[in-house]
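The values are calculated or read from the model by the stated rules, or taken from the named source; none is laboratory data. As the structure is a prediction and not an experimental result, all values here were calculated from the model. Ideal geometry is used to build each Cβ from the backbone, glycine not excepted, and the neighbour counts take in all protein chains shown. Calculation scope for accessible area: heavy atoms of the full protein, side chains included, ligands and nucleic acids excluded. Shrake-Rupley method; radii C 1.70, N 1.55, O 1.52, S 1.80 Å.
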Amino acid sequence: MNQKNQNEVLEKIVSLAKRKGFVFQSSEIYGGLNGCWDYGPLGVEMLKNIKEEWWKFMTYRPDVEGLDASILMHPKVWKASGHVENFTDPMLDCKSCKSRYRMDTLGESINSKKKKKYLEAIDFSKLGINGGLNSLSDEELEEKFEAALTDTELVPLILNEMVCPNCGNKGTFTLPRQFNLMFKTFIGPVEDSGAVVYLRPETAQGIFVNFLNVQGASRQKLPFGIAQIGKAFRNEINTKYFLFRTREFEQMEMQFFVKPSADKEWYDYWKGERLEWYKKLGMRTDKLRYHDHPADKLAHYAKEATDIEYEFPFGWGEIEGIHNRTDFDLGRHEQFSSKSLKYFDEESKEKFVPYIIETSAGASRGFMAFLVDSYREEVVNNEQRVVLGLNSRIAPVKAAVLPLVNKDGMPETAQKLEEDLRTAFKVFYDDKGAIGRRYRRMDEIGTPYCLTIDTQTSEDNTVTVRERDSMVQERISIDKVKIYLFDKLNS
Ligand code: ATP
(Lines give C-alpha, C1' and ligand atoms only; values in the text may rest on other atoms or scores of the structure.)
Protein backbone atom coordinates (compact mmCIF):
# COMPACT_ATOMS: atom_id res chain seq x y z
CA MET A 1 0.00 0.00 0.00
CA ASN A 2 1.39 3.44 -0.84
CA GLN A 3 1.49 6.36 1.60
CA LYS A 4 -1.68 7.96 0.20
CA ASN A 5 -3.70 4.74 0.59
CA GLN A 6 -2.32 4.21 4.06
CA ASN A 7 -3.39 7.68 5.13
CA GLU A 8 -6.80 7.06 3.60
CA VAL A 9 -7.19 3.88 5.67
CA LEU A 10 -6.37 5.77 8.84
CA GLU A 11 -8.80 8.54 7.91
CA LYS A 12 -11.56 5.98 7.34
CA ILE A 13 -10.91 4.41 10.74
CA VAL A 14 -10.93 7.78 12.51
CA SER A 15 -14.16 8.67 10.75
CA LEU A 16 -15.80 5.33 11.64
CA ALA A 17 -14.62 5.72 15.23
CA LYS A 18 -16.42 9.05 15.46
CA ARG A 19 -19.54 8.12 13.49
CA LYS A 20 -20.17 4.96 15.48
CA GLY A 21 -19.28 6.37 18.89
CA PHE A 22 -15.90 4.83 19.61
CA VAL A 23 -13.81 7.98 19.94
CA PHE A 24 -14.57 11.71 19.82
CA GLN A 25 -12.25 14.66 19.85
CA SER A 26 -12.06 16.14 23.34
CA SER A 27 -14.03 19.39 23.79
CA GLU A 28 -15.03 19.23 20.14
CA ILE A 29 -17.60 22.04 20.32
CA TYR A 30 -14.79 24.38 21.38
CA GLY A 31 -12.56 23.33 18.51
CA GLY A 32 -10.99 20.37 20.33
CA LEU A 33 -8.02 20.05 22.67
CA ASN A 34 -4.88 18.80 20.99
CA GLY A 35 -3.73 15.36 22.13
CA CYS A 36 -6.88 14.54 24.11
CA TRP A 37 -9.70 12.20 23.07
CA ASP A 38 -12.99 11.04 24.57
CA TYR A 39 -14.21 7.45 24.41
CA GLY A 40 -17.85 7.21 23.34
CA PRO A 41 -20.39 4.48 24.18
CA LEU A 42 -18.70 1.77 22.11
CA GLY A 43 -15.16 2.97 22.72
CA VAL A 44 -15.52 2.86 26.47
CA GLU A 45 -16.79 -0.73 26.28
CA MET A 46 -13.94 -1.79 24.04
CA LEU A 47 -11.28 -0.05 26.11
CA LYS A 48 -12.73 -1.60 29.27
CA ASN A 49 -12.62 -5.04 27.61
CA ILE A 50 -8.95 -4.61 26.67
CA LYS A 51 -8.08 -3.54 30.21
CA GLU A 52 -10.09 -6.40 31.66
CA GLU A 53 -8.31 -8.95 29.48
CA TRP A 54 -4.97 -7.56 30.61
CA TRP A 55 -6.05 -7.43 34.26
CA LYS A 56 -7.20 -11.07 34.19
CA PHE A 57 -4.06 -12.14 32.34
CA MET A 58 -1.88 -10.52 34.99
CA THR A 59 -3.63 -10.70 38.32
CA TYR A 60 -5.39 -14.07 38.02
CA ARG A 61 -1.91 -15.54 38.33
CA PRO A 62 -0.85 -16.43 41.86
CA ASP A 63 2.37 -14.42 41.56
CA VAL A 64 0.98 -11.02 40.53
CA GLU A 65 -0.92 -8.61 42.80
CA GLY A 66 -2.98 -5.58 41.77
CA LEU A 67 -2.59 -1.95 42.82
CA ASP A 68 -4.25 1.39 42.16
CA ALA A 69 -1.93 4.19 43.26
CA SER A 70 -2.85 7.87 43.16
CA ILE A 71 -1.99 10.02 40.16
CA LEU A 72 -0.45 12.80 42.26
CA MET A 73 2.64 11.69 44.13
CA HIS A 74 5.26 13.30 46.34
CA PRO A 75 7.43 15.52 44.09
CA LYS A 76 10.58 13.75 45.28
CA VAL A 77 9.35 10.62 43.49
CA TRP A 78 10.03 12.31 40.16
CA LYS A 79 13.45 13.50 41.27
CA ALA A 80 14.37 9.97 42.30
CA SER A 81 13.00 8.49 39.07
CA GLY A 82 15.04 10.89 36.98
CA HIS A 83 11.98 12.47 35.34
CA VAL A 84 12.65 16.00 36.61
CA GLU A 85 16.12 15.89 35.11
CA ASN A 86 15.81 13.57 32.13
CA PHE A 87 12.21 13.37 30.95
CA THR A 88 12.80 15.97 28.29
CA ASP A 89 12.68 16.24 24.54
CA PRO A 90 14.69 18.81 22.60
CA MET A 91 12.31 20.94 20.56
CA LEU A 92 12.41 23.92 18.27
CA ASP A 93 9.89 26.36 16.83
CA CYS A 94 9.49 28.01 13.48
CA LYS A 95 9.50 31.76 14.26
CA SER A 96 7.43 32.42 11.18
CA CYS A 97 4.46 30.01 11.38
CA LYS A 98 4.90 28.95 15.07
CA SER A 99 4.98 25.23 14.22
CA ARG A 100 6.75 23.24 16.90
CA TYR A 101 8.99 20.26 16.12
CA ARG A 102 10.66 17.58 18.15
CA MET A 103 14.30 17.79 17.24
CA ASP A 104 14.76 14.03 17.06
CA THR A 105 11.87 13.61 14.62
CA LEU A 106 12.42 16.71 12.48
CA GLY A 107 14.31 14.61 9.92
CA GLU A 108 11.20 12.44 9.32
CA SER A 109 9.52 15.19 7.35
CA ILE A 110 12.54 15.95 5.14
CA ASN A 111 13.44 13.85 2.08
CA SER A 112 16.98 12.64 1.38
CA LYS A 113 17.55 15.07 -1.50
CA LYS A 114 16.95 17.99 0.82
CA LYS A 115 19.05 16.43 3.57
CA LYS A 116 21.95 16.22 1.15
CA LYS A 117 21.44 19.85 0.12
CA TYR A 118 21.47 21.03 3.74
CA LEU A 119 24.60 19.04 4.54
CA GLU A 120 26.31 20.43 1.43
CA ALA A 121 25.91 23.93 2.82
CA ILE A 122 27.85 23.24 6.01
CA ASP A 123 31.33 21.95 6.71
CA PHE A 124 30.30 18.29 6.67
CA SER A 125 33.86 17.01 7.01
CA LYS A 126 33.33 17.60 10.77
CA LEU A 127 30.91 14.66 10.68
CA GLY A 128 33.64 12.32 9.49
CA ILE A 129 32.43 12.34 5.87
CA ASN A 130 35.62 12.24 3.90
CA GLY A 131 34.62 10.75 0.55
CA GLY A 132 31.93 13.37 -0.09
CA LEU A 133 28.16 13.12 0.31
CA ASN A 134 27.69 11.00 -2.81
CA SER A 135 29.71 8.21 -1.20
CA LEU A 136 27.04 7.75 1.49
CA SER A 137 24.27 5.17 1.40
CA ASP A 138 20.74 6.40 2.25
CA GLU A 139 21.10 4.97 5.72
CA GLU A 140 24.45 6.69 6.30
CA LEU A 141 23.01 9.95 5.03
CA GLU A 142 20.19 9.66 7.61
CA GLU A 143 22.72 9.02 10.34
CA LYS A 144 24.95 11.95 9.39
CA PHE A 145 21.98 14.29 9.16
CA GLU A 146 20.85 13.26 12.66
CA ALA A 147 24.40 13.73 13.89
CA ALA A 148 24.48 17.27 12.44
CA LEU A 149 21.31 18.13 14.35
CA THR A 150 22.85 17.05 17.64
CA ASP A 151 26.25 18.70 17.11
CA THR A 152 26.25 22.00 19.02
CA GLU A 153 28.62 23.66 16.54
CA LEU A 154 26.83 22.50 13.38
CA VAL A 155 23.22 22.78 14.50
CA PRO A 156 22.86 26.60 14.14
CA LEU A 157 24.46 26.43 10.69
CA ILE A 158 22.25 23.65 9.39
CA LEU A 159 19.10 25.19 10.88
CA ASN A 160 19.95 28.37 9.04
CA GLU A 161 19.80 26.45 5.76
CA MET A 162 16.67 24.51 6.52
CA VAL A 163 13.17 25.24 5.33
CA CYS A 164 10.23 24.83 7.71
CA PRO A 165 8.23 21.78 6.49
CA ASN A 166 5.01 23.66 7.30
CA CYS A 167 5.38 27.22 5.95
CA GLY A 168 8.35 26.75 3.63
CA ASN A 169 10.32 29.70 5.04
CA LYS A 170 14.08 29.34 5.27
CA GLY A 171 16.21 29.87 8.37
CA THR A 172 13.30 30.64 10.68
CA PHE A 173 13.99 27.99 13.34
CA THR A 174 14.84 28.81 16.94
CA LEU A 175 17.71 26.88 18.50
CA PRO A 176 16.59 23.65 20.17
CA ARG A 177 15.55 23.85 23.83
CA GLN A 178 14.97 21.08 26.35
CA PHE A 179 11.31 20.71 27.16
CA ASN A 180 10.13 18.70 30.16
CA LEU A 181 7.17 16.50 29.29
CA MET A 182 5.63 16.41 32.76
CA PHE A 183 2.50 18.44 33.49
CA LYS A 184 2.94 20.59 36.59
CA THR A 185 0.28 21.73 38.99
CA PHE A 186 0.09 22.93 42.61
CA ILE A 187 -1.17 21.16 45.69
CA GLY A 188 -3.09 23.33 48.18
CA PRO A 189 -4.09 26.98 47.83
CA VAL A 190 -0.65 28.55 47.40
CA GLU A 191 0.86 28.42 43.96
CA ASP A 192 4.55 28.59 44.87
CA SER A 193 7.46 26.35 44.03
CA GLY A 194 7.10 24.41 47.30
CA ALA A 195 3.61 23.31 46.26
CA VAL A 196 4.52 21.93 42.82
CA VAL A 197 3.31 18.42 42.04
CA TYR A 198 3.22 16.58 38.74
CA LEU A 199 0.59 14.57 36.93
CA ARG A 200 2.30 11.18 36.69
CA PRO A 201 3.91 10.55 33.30
CA GLU A 202 3.85 6.77 33.94
CA THR A 203 2.11 4.49 36.41
CA ALA A 204 5.27 2.54 37.30
CA GLN A 205 6.51 4.81 40.11
CA GLY A 206 3.36 4.15 42.17
CA ILE A 207 4.31 0.48 42.05
CA PHE A 208 7.95 0.99 43.02
CA VAL A 209 7.19 3.09 46.09
CA ASN A 210 4.59 0.53 47.23
CA PHE A 211 6.81 -2.50 46.70
CA LEU A 212 7.25 -3.37 50.39
CA ASN A 213 3.64 -2.43 51.29
CA VAL A 214 2.27 -4.88 48.74
CA GLN A 215 4.84 -7.55 49.48
CA GLY A 216 4.17 -7.40 53.22
CA ALA A 217 0.38 -7.30 52.92
CA SER A 218 0.13 -10.09 50.38
CA ARG A 219 2.96 -12.17 51.89
CA GLN A 220 4.42 -12.71 48.43
CA LYS A 221 7.90 -14.07 47.98
CA LEU A 222 10.25 -13.28 45.13
CA PRO A 223 9.66 -13.61 42.24
CA PHE A 224 6.35 -11.75 42.14
CA GLY A 225 4.79 -8.83 40.33
CA ILE A 226 2.54 -5.83 40.89
CA ALA A 227 0.11 -4.77 38.17
CA GLN A 228 -1.60 -1.46 37.70
CA ILE A 229 -3.83 0.23 35.12
CA GLY A 230 -4.24 3.97 35.13
CA LYS A 231 -4.00 7.33 33.47
CA ALA A 232 -0.67 8.89 32.61
CA PHE A 233 0.00 12.37 31.26
CA ARG A 234 2.78 13.65 29.01
CA ASN A 235 2.96 17.08 27.52
CA GLU A 236 4.04 15.64 24.18
CA ILE A 237 5.41 18.20 21.71
CA ASN A 238 3.90 16.54 18.70
CA THR A 239 0.68 14.64 19.15
CA LYS A 240 -0.14 12.67 16.08
CA TYR A 241 -1.78 9.70 14.45
CA PHE A 242 -5.06 9.75 16.34
CA LEU A 243 -4.63 7.84 19.63
CA PHE A 244 -1.01 6.87 19.02
CA ARG A 245 0.63 9.83 20.74
CA THR A 246 -1.68 11.71 23.07
CA ARG A 247 -1.17 13.93 26.10
CA GLU A 248 -3.50 11.95 28.34
CA PHE A 249 -3.55 8.18 27.98
CA GLU A 250 -3.88 4.96 29.92
CA GLN A 251 -1.13 2.52 30.74
CA MET A 252 -1.22 -1.11 31.84
CA GLU A 253 2.03 -1.75 33.66
CA MET A 254 3.36 -4.73 35.55
CA GLN A 255 6.61 -4.69 37.47
CA PHE A 256 8.01 -8.13 38.26
CA PHE A 257 10.48 -8.28 41.17
CA VAL A 258 13.18 -10.92 40.87
CA LYS A 259 16.50 -12.01 42.33
CA PRO A 260 19.28 -10.22 40.40
CA SER A 261 20.64 -13.55 39.15
CA ALA A 262 17.24 -14.48 37.65
CA ASP A 263 16.79 -11.30 35.60
CA LYS A 264 17.58 -12.74 32.17
CA GLU A 265 15.29 -15.73 32.62
CA TRP A 266 12.32 -13.54 33.61
CA TYR A 267 13.01 -10.89 30.98
CA ASP A 268 12.85 -13.57 28.27
CA TYR A 269 9.76 -15.09 29.85
CA TRP A 270 7.77 -11.84 29.92
CA LYS A 271 8.94 -10.87 26.46
CA GLY A 272 7.39 -14.07 25.13
CA GLU A 273 4.23 -13.89 27.23
CA ARG A 274 3.39 -10.37 26.21
CA LEU A 275 3.68 -10.92 22.47
CA GLU A 276 1.47 -14.00 22.81
CA TRP A 277 -1.18 -11.91 24.58
CA TYR A 278 -1.70 -9.74 21.49
CA LYS A 279 -1.75 -12.78 19.24
CA LYS A 280 -4.28 -14.62 21.38
CA LEU A 281 -6.54 -11.60 21.21
CA GLY A 282 -6.50 -11.91 17.44
CA MET A 283 -3.89 -9.39 16.35
CA ARG A 284 -2.36 -10.44 13.04
CA THR A 285 0.99 -12.15 13.59
CA ASP A 286 2.64 -10.52 10.55
CA LYS A 287 1.78 -7.09 11.93
CA LEU A 288 3.64 -7.70 15.19
CA ARG A 289 7.36 -7.73 15.84
CA TYR A 290 9.99 -7.10 18.49
CA HIS A 291 12.35 -4.21 18.26
CA ASP A 292 15.27 -4.98 20.57
CA HIS A 293 17.10 -1.87 21.73
CA PRO A 294 20.81 -1.93 20.87
CA ALA A 295 23.09 -1.55 23.90
CA ASP A 296 24.10 2.03 22.99
CA LYS A 297 20.45 3.18 22.75
CA LEU A 298 19.25 1.80 26.11
CA ALA A 299 17.51 4.14 28.57
CA HIS A 300 19.62 5.11 31.58
CA TYR A 301 17.81 2.61 33.82
CA ALA A 302 17.76 -0.41 31.51
CA LYS A 303 20.06 -3.39 31.07
CA GLU A 304 17.97 -4.91 28.30
CA ALA A 305 14.88 -3.61 26.50
CA THR A 306 12.57 -4.47 23.66
CA ASP A 307 9.50 -2.86 22.13
CA ILE A 308 6.58 -4.85 20.86
CA GLU A 309 5.73 -3.02 17.67
CA TYR A 310 2.62 -3.04 15.51
CA GLU A 311 2.60 -2.08 11.85
CA PHE A 312 0.16 0.85 11.71
CA PRO A 313 -0.84 2.42 8.36
CA PHE A 314 1.90 5.02 8.98
CA GLY A 315 4.59 2.43 9.79
CA TRP A 316 5.86 0.37 12.72
CA GLY A 317 5.19 1.85 16.17
CA GLU A 318 5.74 0.70 19.75
CA ILE A 319 2.68 -0.58 21.58
CA GLU A 320 4.47 -2.01 24.61
CA GLY A 321 7.91 -1.84 26.18
CA ILE A 322 9.60 -4.66 28.11
CA HIS A 323 12.57 -3.61 30.18
CA ASN A 324 15.06 -5.10 32.56
CA ARG A 325 15.24 -2.10 34.90
CA THR A 326 17.79 -3.74 37.24
CA ASP A 327 17.81 -2.37 40.81
CA PHE A 328 17.82 1.20 39.51
CA ASP A 329 14.32 2.22 40.63
CA LEU A 330 14.27 0.71 44.10
CA GLY A 331 17.87 1.81 44.61
CA ARG A 332 17.04 5.42 43.72
CA HIS A 333 13.95 5.46 45.94
CA GLU A 334 16.04 4.11 48.80
CA GLN A 335 18.55 6.88 48.24
CA PHE A 336 16.00 9.71 47.97
CA SER A 337 13.63 8.56 50.75
CA SER A 338 16.32 7.21 53.09
CA LYS A 339 14.06 4.18 53.64
CA SER A 340 15.21 0.65 53.02
CA LEU A 341 13.45 -1.09 50.14
CA LYS A 342 15.46 -4.27 50.51
CA TYR A 343 13.90 -7.69 50.40
CA PHE A 344 14.82 -10.33 52.94
CA ASP A 345 15.18 -13.75 51.42
CA GLU A 346 14.29 -16.27 54.11
CA GLU A 347 15.95 -19.18 52.37
CA SER A 348 19.36 -17.66 51.82
CA LYS A 349 19.04 -15.19 54.75
CA GLU A 350 20.22 -12.48 52.37
CA LYS A 351 18.95 -8.90 52.14
CA PHE A 352 19.08 -7.25 48.72
CA VAL A 353 17.39 -4.82 46.36
CA PRO A 354 15.44 -6.87 43.80
CA TYR A 355 15.78 -6.41 40.05
CA ILE A 356 12.67 -5.39 38.14
CA ILE A 357 11.37 -6.69 34.83
CA GLU A 358 8.79 -4.26 33.52
CA THR A 359 6.04 -4.78 30.98
CA SER A 360 4.58 -1.40 30.04
CA ALA A 361 1.67 -1.33 27.62
CA GLY A 362 -0.45 1.57 26.46
CA ALA A 363 -4.15 0.74 26.80
CA SER A 364 -5.16 3.53 24.45
CA ARG A 365 -2.37 2.83 21.96
CA GLY A 366 -3.29 -0.87 22.12
CA PHE A 367 -6.93 0.13 21.53
CA MET A 368 -5.87 1.89 18.35
CA ALA A 369 -3.83 -1.12 17.22
CA PHE A 370 -6.79 -3.47 17.79
CA LEU A 371 -9.07 -1.10 15.90
CA VAL A 372 -6.71 -0.74 12.93
CA ASP A 373 -5.92 -4.46 12.89
CA SER A 374 -9.55 -5.50 12.78
CA TYR A 375 -10.76 -3.04 10.12
CA ARG A 376 -11.48 -4.52 6.73
CA GLU A 377 -13.57 -3.76 3.68
CA GLU A 378 -14.84 -6.63 1.56
CA VAL A 379 -17.32 -7.36 -1.19
CA VAL A 380 -19.90 -10.02 -0.44
CA ASN A 381 -22.63 -10.89 -2.96
CA ASN A 382 -21.71 -7.79 -4.95
CA GLU A 383 -22.18 -5.61 -1.93
CA GLN A 384 -19.43 -3.87 -0.04
CA ARG A 385 -19.30 -4.32 3.71
CA VAL A 386 -17.06 -2.83 6.38
CA VAL A 387 -16.19 -5.20 9.20
CA LEU A 388 -14.38 -4.80 12.48
CA GLY A 389 -13.19 -8.37 12.90
CA LEU A 390 -12.55 -7.84 16.61
CA ASN A 391 -11.91 -10.79 18.86
CA SER A 392 -15.20 -11.40 20.69
CA ARG A 393 -13.56 -10.70 24.07
CA ILE A 394 -12.74 -7.18 22.91
CA ALA A 395 -15.82 -6.46 20.80
CA PRO A 396 -17.90 -3.74 22.52
CA VAL A 397 -21.25 -5.42 21.83
CA LYS A 398 -21.41 -9.20 22.00
CA ALA A 399 -24.74 -9.84 20.29
CA ALA A 400 -27.57 -8.02 18.57
CA VAL A 401 -31.22 -9.04 18.94
CA LEU A 402 -33.17 -8.33 15.76
CA PRO A 403 -36.91 -8.97 15.30
CA LEU A 404 -37.44 -9.48 11.56
CA VAL A 405 -40.59 -7.33 11.50
CA ASN A 406 -42.37 -5.23 14.09
CA LYS A 407 -45.47 -7.41 14.31
CA ASP A 408 -46.74 -10.96 14.85
CA GLY A 409 -45.35 -11.14 18.38
CA MET A 410 -41.75 -10.85 17.17
CA PRO A 411 -40.88 -7.64 19.09
CA GLU A 412 -42.21 -9.15 22.35
CA THR A 413 -40.17 -12.34 21.93
CA ALA A 414 -37.10 -10.35 20.94
CA GLN A 415 -37.41 -8.01 23.92
CA LYS A 416 -37.73 -10.95 26.30
CA LEU A 417 -34.59 -12.51 24.82
CA GLU A 418 -32.73 -9.20 25.02
CA GLU A 419 -33.70 -8.74 28.68
CA ASP A 420 -32.46 -12.21 29.52
CA LEU A 421 -29.16 -11.83 27.64
CA ARG A 422 -28.42 -8.38 29.02
CA THR A 423 -27.91 -9.83 32.51
CA ALA A 424 -24.76 -11.49 31.16
CA PHE A 425 -23.57 -9.62 28.06
CA LYS A 426 -23.57 -6.23 26.41
CA VAL A 427 -26.30 -6.70 23.83
CA PHE A 428 -27.98 -4.38 21.37
CA TYR A 429 -31.62 -4.31 20.25
CA ASP A 430 -32.33 -3.09 16.74
CA ASP A 431 -35.67 -3.20 14.96
CA LYS A 432 -35.04 -0.45 12.40
CA GLY A 433 -34.59 -1.05 8.65
CA ALA A 434 -34.05 -4.02 6.39
CA ILE A 435 -32.39 -7.00 8.05
CA GLY A 436 -29.41 -6.87 5.67
CA ARG A 437 -28.70 -3.28 6.66
CA ARG A 438 -29.00 -4.18 10.32
CA TYR A 439 -26.41 -6.92 9.85
CA ARG A 440 -24.08 -4.45 8.13
CA ARG A 441 -24.44 -1.99 11.00
CA MET A 442 -23.41 -4.71 13.43
CA ASP A 443 -20.47 -5.83 11.24
CA GLU A 444 -19.20 -2.27 11.23
CA ILE A 445 -18.94 -2.15 15.01
CA GLY A 446 -17.58 -5.68 15.34
CA THR A 447 -20.58 -7.43 16.93
CA PRO A 448 -19.78 -11.16 16.67
CA TYR A 449 -23.35 -12.52 16.69
CA CYS A 450 -26.75 -11.42 15.41
CA LEU A 451 -29.88 -13.20 16.66
CA THR A 452 -32.91 -12.88 14.40
CA ILE A 453 -36.44 -13.60 15.53
CA ASP A 454 -38.64 -14.50 12.56
CA THR A 455 -41.87 -16.31 11.67
CA GLN A 456 -40.36 -19.69 12.43
CA THR A 457 -39.60 -18.58 16.01
CA SER A 458 -43.28 -18.71 17.01
CA GLU A 459 -43.58 -22.16 15.40
CA ASP A 460 -40.60 -24.00 16.87
CA ASN A 461 -39.05 -21.62 19.42
CA THR A 462 -35.81 -21.22 17.44
CA VAL A 463 -33.86 -18.15 16.35
CA THR A 464 -31.29 -17.59 13.61
CA VAL A 465 -27.75 -17.00 14.80
CA ARG A 466 -25.53 -15.27 12.26
CA GLU A 467 -21.79 -15.19 12.82
CA ARG A 468 -20.05 -11.96 11.78
CA ASP A 469 -16.99 -13.20 9.87
CA SER A 470 -18.29 -16.31 8.07
CA MET A 471 -21.85 -14.92 7.88
CA VAL A 472 -22.94 -18.55 8.38
CA GLN A 473 -26.42 -18.82 9.86
CA GLU A 474 -27.77 -21.61 12.02
CA ARG A 475 -30.97 -22.13 13.93
CA ILE A 476 -30.86 -22.80 17.62
CA SER A 477 -33.45 -23.10 20.32
CA ILE A 478 -34.21 -19.79 22.00
CA ASP A 479 -33.63 -21.39 25.43
CA LYS A 480 -30.10 -22.34 24.41
CA VAL A 481 -29.00 -18.91 23.14
CA LYS A 482 -27.43 -17.80 26.40
CA ILE A 483 -25.36 -20.92 26.89
CA TYR A 484 -24.45 -20.89 23.19
CA LEU A 485 -23.10 -17.34 23.52
CA PHE A 486 -21.24 -18.21 26.75
CA ASP A 487 -19.49 -21.05 24.94
CA LYS A 488 -18.69 -19.10 21.79
CA LEU A 489 -17.58 -15.89 23.48
CA ASN A 490 -15.28 -17.63 25.91
CA SER A 491 -13.77 -20.15 23.52
P1 ATP B 1 7.31 6.58 22.55
O2 ATP B 1 8.76 6.34 22.22
O3 ATP B 1 6.37 6.11 21.50
O4 ATP B 1 7.03 7.96 23.02
P5 ATP B 1 7.92 5.57 25.10
O6 ATP B 1 9.10 4.71 24.83
O7 ATP B 1 8.11 6.90 25.69
O8 ATP B 1 7.00 5.67 23.79
P9 ATP B 1 7.09 4.18 27.41
O10 ATP B 1 7.53 5.26 28.31
O11 ATP B 1 7.90 2.92 27.37
O12 ATP B 1 6.90 4.75 25.95
O13 ATP B 1 5.56 3.88 27.72
C14 ATP B 1 5.02 2.57 27.65
C15 ATP B 1 3.82 2.53 26.73
O16 ATP B 1 2.92 3.60 27.02
C17 ATP B 1 4.16 2.70 25.26
O18 ATP B 1 4.54 1.47 24.69
C19 ATP B 1 2.85 3.20 24.70
O20 ATP B 1 1.99 2.10 24.43
C21 ATP B 1 2.28 4.01 25.84
N22 ATP B 1 2.51 5.44 25.61
C23 ATP B 1 3.62 6.16 25.91
N24 ATP B 1 3.47 7.45 25.57
C25 ATP B 1 2.23 7.55 25.03
C26 ATP B 1 1.48 8.64 24.50
N27 ATP B 1 1.96 9.87 24.46
N28 ATP B 1 0.23 8.39 24.04
C29 ATP B 1 -0.30 7.15 24.08
N30 ATP B 1 0.36 6.09 24.59
C31 ATP B 1 1.61 6.28 25.05
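What to note about this one:
- Taking 22 Å as the straight-line reach from the Cα of Lys12, the lysines in range (excluding those fewer than 8 positions away in the same chain) are Lys4, Lys20, Lys240, Lys287.
- Rounded to 5, the percent of DSSP beta bridges in the stretch 397-489 classed as antiparallel: 55 percent
- Peptides 239-245, 416-422 ranked from most to least packed give 239-245, 416-422, packing being the mean of other C-beta atoms within 10 angstrom over each peptide's residues.
- Eligible lysines near Lys480 by straight Cα distance, threshold 17 Å, same-chain separation 8 or greater: Lys398, Lys416, Lys488
- Alpha-carbon Rg/Rh ratio, for the chain, with Rh computed the Kirkwood way: 1.03
- Rounded to 10°, Cα long-axis angle of helix 41-59 versus longest principal axis of the chain: 70 degrees
- Over the chain, dividing the summed -39,500 (n - 2.57) contributions of all DSSP H runs of at least 4 residues by the number of residues returns a 222 nm mean residue ellipticity of -10000 deg cm²/dmol.
- Solvent-accessible area assigned to carbon and sulfur over the chain amounts to 48 percent, based on a 1.4 Å probe.
- Amide H contacts of Val23 (H built 1.01 Å from N, under 5 Å, at least 5 apart or other chain): Lys18, Gly40
- Only the Cβ atoms of Lys and Arg (+1) and of Asp and Glu (-1) were treated as charged; on that basis the dipole of the chain about its Cα centre amounts to roughly 840 debye.
- Cα gyration tensor shape for the stretch 1-92, rounded if a/c is under 1.5, else prolate or oblate: oblate
- Backbone geometry of the stretch 402-410 corresponds, through the Karplus equation with coefficients 6.51, -1.76 and 1.60 at θ = phi - 60°, to 3J(HN,Hα) couplings of 10, x, 4, 9, 8, 7, 6, x, 5 Hz, x marking Gly and Pro.
- Global form of the stretch 210-286, assessed from the alpha-carbon gyration tensor, a/c cut-off 1.5: oblate
- Nearest-20 debye value, the stretch 397-489 charge dipole, Cβ charges on Lys, Arg, Asp, Glu: 340 debye
- For the chain, the longest principal axis of the Cα atoms and the long axis of helix 363-374 meet at an angle of about 60 degrees.
- Over the chain, accessible surface divided per residue gives 49 Å², non-protein components excluded, 1.4 Å probe.
- Remark: the stretch 472-483, residue by residue, has Karplus-estimated 3J(HN,Hα) of 5, 10, 9, 9, 9, 5, 4, 5, 9, 4, 5, 5 Hz, where x stands for each Gly or Pro and the curve is 6.51 cos²θ - 1.76 cosθ + 1.60 at θ = phi - 60°.
- Dimensions (Å) - the stretch 397-489, Cα atoms, principal axes, largest first: 30, 28, 23
- Here's the picture: charge each Lys and Arg Cβ at +1 and each Asp and Glu Cβ at -1 in the stretch 378-420, and of Asn382, Pro396, Gly409 the one pushed furthest to the positive end of that dipole is Pro396.
- Computed from backbone phi with θ = phi - 60° and the Karplus coefficients 6.51, -1.76 and 1.60, the 3J(HN,Hα) list for the stretch 384-395 is 7, 10, 9, 10, 9, x, 5, 4, 4, 5, 9, 3 Hz; x is used for glycine and proline.
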